Amino acid sequence: MITLLAVDELEEGRSKGLEHNNRHLFAVKKDDQIFLYWNRCPHLGTPLEWEEDRFLDPDGALIQCSTHGALFRIEDGHCLAGPCQGKSLQPVPFSIENGLIMVEDKYLQPVTLS
Ligand code: FES
């Protein structure tokens, strides 16, 4: 298992970009729950954030893509509006152990181009 982040490092209502083996993902904490997604917009595959660790809209209510403004539900990554409406962000399976967000190694293997 790979430790990505301590739950306490993420403030309520905030998001954080994460990277391991050049795999990019991000976490959001909402209502004391953690959500983890690959940092890849289903529209064009671009990273989502506006600037470092900023993945949410101004109200902090939805995830927003910085490229064309698509809006995603935090709870399940479903796109509610924008060019990829109806598609979803891809969640990353994780567990929380001793206050740490852990992901199985198999999900964070380096990408090989062979
Ligand atoms: S790349 Fe995200 S909305 Fe177009």
From the phi of every residue in segment 24-37, what ³J(HN,Hα) in whole Hz does the Karplus formula 6.51 cos²θ - 1.76 cosθ + 1.60 yield, where θ is phi - 60° and glycine or proline is x?
10, 9, 8, 10, 10, 10, 9, 6, 6, 10, 9, 10, 10, 9
Karplus couplings for segment 70-75 from phi (6.51 cos²θ - 1.76 cosθ + 1.60, θ = phi - 60°), rounded to Hz, Gly and Pro as x?
4, 10, 10, 5, 5, 5
Rounded to the nearest whole Å³, what is the per residue volume of the convex hull around the Cα atoms of segment 2-108?
92 Å³
Accessible surface, 1.4 Å probe, highest first, among residues 14, 54:
14, 54
How much accessible surface area, in Å² rounded to 10, belongs to the heavy atoms of residue 68 with a 1.4 Å probe?
100 Å²
For segment 82-89, 3J(HN,Hα) per residue [Karplus equation, 6.51 cos²θ - 1.76 cosθ + 1.60, θ = phi - 60°, Hz, x = Gly/Pro]
x, x, 10, 3, x, 8, 9, 5
With an 8 Å cut-off on Cα pairs and a minimum separation of 6 or more residues, tell me the relative contact order of the chain in percent.
27 percent
Please identify, among 60, 13, 99, the residue showing maximal mean-square fluctuation in a Gaussian network model of the chain using a 10 angstrom Cα cutoff.
99
Amide H contacts under 5 Å for residue 88, restricted to residues at least 5 apart in sequence or on another chain and with H modeled in the peptide plane, are 79
Quick one: which residues, 5+ away or cross-chain, put their amide H under 5 Å from the amide H of residue 100? H built at 1.01 Å from N.
7
Bounding extents of segment 71-114 in its principal axis frame from Cα atoms, largest first in Å, are 37, 34, 10
Pop a pseudo-label 7 angstrom from the Cα along the beta-carbon direction at both residue 106 and residue 8 and give the gap in nm to one decimal.
3.3 nm
The simple spin-label model distance between residue 1 and residue 31, using points 7 Å out along Cα→Cβ, in nm, is 2.5 nm
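The values are calculated or read from the model by the stated rules, or taken from the named source; none is laboratory data. This structure is a prediction, so every number in the text was calculated from the model and none was measured. For neighbour counting, all protein chains shown are included, and Cβ atoms are generated from backbone atoms with ideal geometry for every residue, glycine included. Accessible surface areas use protein heavy atoms only, side chains included; no ligands, DNA or RNA. Shrake-Rupley method; radii C 1.70, N 1.55, O 1.52, S 1.80 Å.
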